[in-house]
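Let me begin by presenting the structure, written as structure tokens, before commenting on it.
Each value in this text was obtained by applying a stated rule to the coordinates, not by laboratory testing. What you see is a predicted model; the values in this text were computed from it and never measured. Because the Cβ atoms are built from the backbone with ideal geometry, glycine has one as well, and the counts that use them run over all protein chains shown.
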Amino acid sequence: MPAPLHFYFDFISPYGYLASLKIEDLAKKHGRTVEWHAMLLGVSVMKVMGLKPLLDTPLKGDYARRDVLRHVRKNKIAFARDIDAPVGNPLPMARAFCLVKHHHPHLQELMARLIYRAYWAQGLDLSTPEAVARIALPDGLSPAWLESQLHGEFAATLLRREVDASLRAGIFGSPTVVVDSEPFWGFDRLADVDEWLKRGGW
């Protein structure tokens, strides 16, 4: 069985959202599966690299705003969030994903997609455990259980482990796809991932 594609993402990343809509189909095209990994741009970009968030970066931020919305219009992607709206606290979203991945690994893709849809396609504020627990959840997942777990230390520990692992893997941006130990950073690199898998690398 070929190794999975490792897909690293942050829910607050618009490019991560765009890539999340394509990564599973790309993997299936080449007989691969996807392992989803939460990471935090606030840690990798701001704390480790000492840089500003993308949209706060002079010149580059203005370009990214236009670029994201071009992709949205071109591909008719649901996008209700104001790209300049306050990000809010990303921890409840990421912790919820990590909890579901830990307890129900077969639901990791669905949970990530549901959170992304609520945050970007519906424009919801998901900065609290209560808000995350109110979104559409996978069948059988209790909102009350999720909310209570998000207030606990175990969810925080799971996310810290994911973030630490992403840094050890050299991940700094969302999205990043790692194919057989070869990293590809950025939504615009999905075409390279496709070609790499087709050709077996170069």
**Item:** First in the range 76-103 and under 19 Å from ALA131 (Cα atoms), second anywhere and among the aromatic types (Phe, Trp, Tyr) and surrounded by fewer than 15 Cβ atoms within 10 Å (Cβ to Cβ), Cβ under 8 Å, 6 or more apart
**Value:** LEU99/PHE154
**Prompt:** Inside the range 113-154, can you point out the residues that are within 17 Å of the chain's Cα centre (by Cα) and in a helix (DSSP H, G or I)?
**Reply:** ARG113, LEU114, ILE115, TYR116, ARG117, ALA118, TYR119, TRP120, ALA121, VAL132
**Item:** Only listed residue being farther than 23 Å from PHE7 by Cβ and surrounded by 14 or more Cβ atoms within 10 Å (Cβ to Cβ), chosen from ARG65, ARG95, ARG81, ARG117
**Value:** ARG65
**Item:** Filter result for LEU5 (within 18 Å of LEU126 (Cβ to Cβ) and surrounded by fewer than 23 Cβ atoms within 10 Å (Cβ to Cβ))
**Value:** no
**Qualifying residue in the range 27-44 (condition: touching a Cys at 6+ places or on another chain (Cβ under 9 Å) and not in a helix (DSSP H, G or I))** = yes
**Message:** Where the second residue is hydroxyl-bearing (Ser, Thr, Tyr) and part of a helix (DSSP H, G or I) and the first is under 13 Å from MET111 (Cβ atoms) and lies in the range 137-162, which pairs have Cβ atoms under 9 Å and are six or more apart or on separate chains?
**Reply:** none
**Message:** Contact list please: Cβ distance under 8 Å, first residue in the range 1-17 and free of Cβ contacts under 8 Å to residues at least 60 places away in the same chain, second residue part of a loop (DSSP other than H, G, I, E, B) and not basic (Lys, Arg), pairs at least six apart or on different chains.
**Reply:** PRO2/HIS30; PRO2/GLY31; PRO4/THR33
**Request:** Go through (1) touching an Asp or Glu at 6+ places or on another chain (Cβ under 9 Å); (2) of a type outside the set (Gly, Ala, Ser); (3) on the phi > 0 side of the Ramachandran plot one by one and return the number of the condition GLU147 breaks.
**Result:** (3)
**Message:** Anything in the range 41-96 that is within 18 Å of TRP185 (Cα to Cα), out of contact with any Asp or Glu (no Cβ under 6 Å at 6 or more places or on another chain) and of a type in the set (A, V, I, L, M)? List them, or say none.
**Reply:** VAL43, VAL45, MET46, VAL48, MET49, LEU51, LEU54, LEU55, ALA64, VAL68
**Prompt:** Is at least one residue of the range 62-76 assigned to a loop (DSSP other than H, G, I, E, B) and farther than 30 Å from GLY200 by Cα?
**Reply:** yes
**Request:** Please go through the range 6-21 and pick out each residue that is within 21 Å of GLY200 (Cβ to Cβ) and in a loop (DSSP other than H, G, I, E, B).
**Result:** none
**Asked** Looking at PHE184, is it closer than 25 Å to ILE23 by Cβ, in contact (Cβ under 8 Å) with a residue 40 or more places away in the chain and not in a helix (DSSP H, G or I)?
**Response** no
